[in-house]
Amino acid sequence: MYKNTIETVIAKQDIHDVIMRYARAIDRADGPLLHSCYWDDAMEEHGSSYNGPAHDYIDGAMERLLKGDVMMHLAGNIHVELEGDIAWVETYLLTFARFQKDGEDWDTLTGGRVFDKFMCRDGEWRIAHRKMAFDWNRDMPSSEGWCLGLFKPEDPRMIMGCKGKEDLSYSRF
């Protein structure tokens with residue numbers, strides 16, 4: 001049976017922090033923060049859309065993300081297997097995204113898992129290689145109604161999430 005030590009608990013927390021930082025970075029379109037999740041020589045295998053250096057994937061994605069489409073990544077179960085300075089990590093992921101198709105907004109909800117090979121270099125854990133497993137998807141026309149009108153996005157008291165440093169996660173209060 002596997003027994004945690006203080007070192008393995010710290011390593012797992014460091015890895016968890018990188019996964020959470022990734023979700024924040026991708027959803028806020030924060031390129032530098034997203035780069036900080038991967039080693040410079042990391043690889044990204046993102047289904048049929050990309051296979052190559054992770055930093056090139058990030059740079060290409062930033063152009064799309066900054067256009068303002070709504071996106072949210074929710075990380076769920078995280079399983080970490082440590083082997084010295086290497087960790088094999090499986091993270092359940094639920095992703096919501098809004099895209100335009102033929103001039104109409106479409107919402108897509110995708111469930112899947114990311115499989116990461118993390119490496120610890122000079123005491124820091126980062127992603128060295130990432131592969132995606134797509135488990136299910138649901139595409140539907142957007143029908144945003146803000147709880148049947150309970151919330152009114154045009155009201156100045158509403159704090160709406162946004163891309164970039166203007167988001168509440170950066171500006172604080």
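The values are calculated or read from the model by the stated rules, or taken from the named source; none is laboratory data. In this text, all values refer to a predicted model and were calculated from it rather than measured experimentally. As a convention, Cβ positions derive from the backbone with ideal geometry for all residues, glycine included, and neighbour counts pool all protein chains shown. Areas reflect the complete protein model, heavy atoms only, side chains present, ligands, DNA and RNA absent. Shrake-Rupley method; radii C 1.70, N 1.55, O 1.52, S 1.80 Å.
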Residue pairs meeting the criteria (Cβ under 9 Å; at least 6 apart or on separate chains; first without any contact (Cβ under 8 Å) to a residue 60 or more places away in the chain and open to solvent by 30 Å² or more (accessible area, probe 1.4 Å), in segment 3-24; second part of a helix (DSSP H, G or I) and aliphatic (A, V, I, L, M)): Arg21/Leu33; Arg21/Leu34
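State yes or no: is Asp116 acidic (Asp, Glu) and under 16 Å from the mean Cα position of the chain (by Cα)?
Values: acidic (Asp, Glu): yes; under 16 Å from the mean Cα position of the chain (by Cα): yes.
Against the criterion (acidic (Asp, Glu) and under 16 Å from the mean Cα position of the chain (by Cα)), Asp116 qualifies.
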Total residues in segment 38-90, condition surrounded by 14 or more Cβ atoms within 10 Å (Cβ to Cβ) and not aliphatic (A, V, I, L, M): 12
Condition check for Leu168: open to solvent by 40 Å² or more (accessible area, probe 1.4 Å), in contact with a Gly (Cβ under 8 Å, 6 or more places away or on another chain) and of a type in the set (A, V, I, L, M, F, W, C): yes
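Looking only at residues that are of a type outside the set (D, E, K, R) and open to solvent by less than 40 Å² (accessible area, probe 1.4 Å) in segment 91-100, which one is farthest from Lys3 (Cα to Cα)? Please lay out each step first, then the result.
Our first condition is that a residue be of a type outside the set (D, E, K, R); within segment 91-100, this holds for 91-97, 99-100.
If we keep only those that are open to solvent by less than 40 Å² (accessible area, probe 1.4 Å) as well, we get 91, 93, 95, 97.
Details: Thr91: 21, Leu93: 26, Thr95: 33, Ala97: 39 Å.
Out of the qualifying residues, it is Ala97.
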Within segment 121-134, tally of residues that are touching a residue at least 24 places away in the same chain (Cβ under 8 Å) and surrounded by fewer than 11 Cβ atoms within 10 Å (Cβ to Cβ): 1
Matching residues in segment 87-107 - criterion: being over 20 Å from Tyr38 (Cα atoms) and small (Gly, Ala, Ser): Ala97, Gly103
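Quickly run through segment 138-173 and pick out the residues that are outside any loop (DSSP other than H, G, I, E, B) and in contact with a helix residue (DSSP H, G or I) (Cβ under 8 Å, 6 or more places away or on another chain). Steps first, please.
Our first condition is that a residue be outside any loop (DSSP other than H, G, I, E, B); within segment 138-173, this holds for 138-141, 168-171.
Those that are outside any loop (DSSP other than H, G, I, E, B) and in contact with a helix residue (DSSP H, G or I) (Cβ under 8 Å, 6 or more places away or on another chain): Ser169, Tyr170.
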